[in-house]
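J.: The structure is given below, and queries will be raised subsequently.
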Amino acid sequence: MVSVQDIELFADGLDVQRAAEIYHEHGCLVVRGLMTPYIAEVQRDIEATAAQSLSLLDRAERIVEGWRTPDGTLFIPAPPHYQRDKQIMVLAINYQTSAAFFRSALDEKLLDILEAIIGPNIELFGNGQCLYKEPVGGHPKHLHQDAAYFEHRYDGPVAVLNYVVDTDLNNGALHVVPGSHKLGQLKHVDTFSHLGLDENEWRWEDALPICGKAGDSIFFHYRCIHGSKENYSDKSRPVFIHRYRRPDDYVIISATTTANRAEAEKRAAEAKKTNQRGLMVRGFRAYQED
């Protein structure tokens with residue numbers, strides 16, 4: 001049985017080659033204190049965005065995934081006892097809205113680890129993401145693989161999830177299933193928080209909870225099974241995520257439900273790198289014919 005200590009390193013005195021070995025073996029890696037220098041500013045911008053999005057909630061539009069406010073925050077149904085019928089899921093903070101958020105994605109030690117995992121040429125995938133659990137009942141996210149949402153042609157992106165506040169079993173610590181990245185793409189089902197694994201096949205008891213301090217980072221393969229339970233505390237529990245990939249990799253299937261995934265699977269062979277180029281954060285992108 002893999003323990004947290006088996007996948008854990010510390011930012012001070014970090015051995016990047018050892019970090020890469022842990023990642024490749026287990027599909028996940030914990031680096032304590034990696035994002036500590038950025039947390040205060042990122043948290044400030046996250047909470048400002050949350051307040052802004054709540055102020056715009058009466059203007060939210062209905063979409064397949066829930067409701068979207070004009071600033072781009074995604075809301076999903078709130079539990080029955082909640083103060084309103086909608087709760088924040090994905091907060092509209094990203095590299096275009098927060099300089100602190102963007103700076104944290106360029107951290108040199110972070111990129112050193114990624115270079116040891118991916119190679120010398122590294123591209124940002126996406127615009128950054130913030131998953132926000134509101135206080136007193138903030139949504140759980142069922143165990144799942146990110147590849148269900150954005151399956152790639154090659155190795156797929158490395159995700160780096162960062163705790164903004166001290167996080168434990170009470171407020172929604174991330175759970176991972178070490179080694180599950182080697183299982184390939186698993187079948188997902190629809191849940192209230194979008195695609196997830198069947199709860200009868202994958203239980204929380206099968207996963208390893210990662211408790212940590214603000215500034216701790218969790219790296220995971222996009223096929224590593226992971227998820228998080230409700231936030232039972234009286235304060236918000238946000239995390240922010242950076243994703244990185246090889247510059248030649250690209251999405252072939254993009255989905256949020258079983259229905260639109262089935263449709264996307266039919267068009268997977270048509271996918272191309274064209275218009276999927278992210279910012280290069282290390283190395284060089286050589287010219288390649290599409």
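J.: Give just the number: which of (1) part of a helix (DSSP H, G or I); (2) surrounded by fewer than 17 Cβ atoms within 10 Å (Cβ to Cβ); (3) not aliphatic (A, V, I, L, M) does ARG261 not satisfy?
T.: (2)
Conditions (1) within 19 Å of LYS273 (Cα to Cα); (2) in contact with a strand residue (DSSP E or B) (Cβ under 9 Å, 6 or more places away or on another chain); (3) modelled with pLDDT under 95, marked per residue:
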| residue | (1), (2), (3) |
| --- | --- |
| ASN121 | yes, yes, no |
| GLY128 | no, yes, no |
| LEU131 | no, yes, no |
| GLY138 | no, yes, yes |
| ALA147 | yes, yes, no |
| PRO157 | yes, yes, no |
| TYR163 | no, yes, no |
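J.: Residue by residue through segment 166-199, note down the ones that are assigned to a loop (DSSP other than H, G, I, E, B), among the polar types (S, T, N, Q) and at pLDDT 95 or above.
T.: Residues satisfying the conditions are ASN170, ASN171, GLN185.
J.: What is the one condition in (1) farther than 27 Å from ARG153 by Cβ; (2) crowded, with 20+ Cβ neighbours inside 10 Å that GLU230 does not satisfy?
T.: Against the list (1) farther than 27 Å from ARG153 by Cβ; (2) crowded, with 20+ Cβ neighbours inside 10 Å, GLU230 comes up short only on (2).
J.: How about segment 269-290: which of its residues are more than 23 Å from the chain's Cα centre (by Cα) and outside any loop (DSSP other than H, G, I, E, B)?
T.: Across segment 269-290, the qualifying residues are ALA269, GLU270.
J.: While we're on this one: Do we find a residue being more than 14 Å from PHE220 (Cα to Cα), of a type outside the set (A, V, I, L, M, F, W, C) and surrounded by 16 or more Cβ atoms within 10 Å (Cβ to Cβ) anywhere in segment 12-23?
T.: No: segment 12-23 contains no residue that is more than 14 Å from PHE220 (Cα to Cα), of a type outside the set (A, V, I, L, M, F, W, C) and surrounded by 16 or more Cβ atoms within 10 Å (Cβ to Cβ).
J.: Also, I was wondering about something else. If you check every pair at least six apart or on different chains, which have Cβ atoms under 8 Å apart with a residue in segment 253-269 that is among the charged types (D, E, K, R) first and a residue that is part of a loop (DSSP other than H, G, I, E, B) second?
T.: Correct list of pairs: ARG261/HIS188; ARG261/ALA255.
J.: Going by what's in this entry, would ARG237 be described as in contact with a Gly (Cβ under 6 Å, 6 or more places away or on another chain), farther than 24 Å from TRP204 by Cβ and surrounded by 17 or more Cβ atoms within 10 Å (Cβ to Cβ)?
T.: Criteria not met by ARG237.
J.: Kindly indicate which of ARG68, ARG103 is under 28 Å from LYS235 (Cβ atoms), basic (Lys, Arg) and in contact (Cβ under 8 Å) with a residue 12 or more places away in the chain.
T.: None of the other options fit; the residue is ARG103.
Residue-by-condition table, conditions (1) within 15 Å of the chain's Cα centre (by Cα); (2) at positive phi:
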residue	(1), (2)
TYR149	yes, no
GLY172	yes, yes
LYS187	no, no
LEU195	yes, no
ASP198	no, no
TRP202	no, no
ALA214	no, no
SER217	yes, no
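J.: Take the residues in segment 243-268 that are among the small types (Gly, Ala, Ser) and within 19 Å of the chain's Cα centre (by Cα), then tell me which one is nearest to ASP198 (Cα to Cα).
T.: ALA255
J.: For the condition of a type in the set (Val, Ile, Thr), more than 17 Å from the chain's Cα centre (by Cα) and at pLDDT 95 or above, what is the one hit in VAL2, VAL31, VAL42?
T.: VAL2
J.: Hey, another quick one. Consider segment 273-289. How many of its residues are under 16 Å from SER254 (Cα atoms) and either among the β-branched types (Val, Ile, Thr) or touching a Leu at 6+ places or on another chain (Cβ under 6 Å) (or both)?
T.: 1
J.: Those residues that are farther than 30 Å from HIS81 by Cβ, part of a loop (DSSP other than H, G, I, E, B) and either in contact with a Pro (Cβ under 6 Å, 6 or more places away or on another chain) or among the basic types (Lys, Arg) (or both), I need them from segment 217-253; list them, please.
T.: Once the filter is applied, which keeps residues that are farther than 30 Å from HIS81 by Cβ, part of a loop (DSSP other than H, G, I, E, B) and either in contact with a Pro (Cβ under 6 Å, 6 or more places away or on another chain) or among the basic types (Lys, Arg) (or both), segment 217-253 yields TYR222, ARG223, ARG246.
J.: Report whether or not GLU47 is touching a strand residue (DSSP E or B) at 6+ places or on another chain (Cβ under 9 Å), under 21 Å from VAL176 (Cα atoms) and among the charged types (D, E, K, R).
T.: Judged against the criteria, GLU47 is not a match.
J.: I've got another one for you. Could you tell me how many of the residues in segment 29-82 are closer than 30 Å to GLN17 by Cβ, of a type in the set (Val, Ile, Thr) and out of contact with any Gly (no Cβ under 9 Å at 6 or more places or on another chain)?
T.: The qualifying residues number 2.
The values are calculated or read from the model by the stated rules, or taken from the named source; none is laboratory data. Quantities reported herein were computed from a predicted structural model and do not represent experimental measurements. Heads up, the Cβs are rebuilt from the backbone with ideal geometry, glycines too, and the neighbour counts pull from every protein chain shown.
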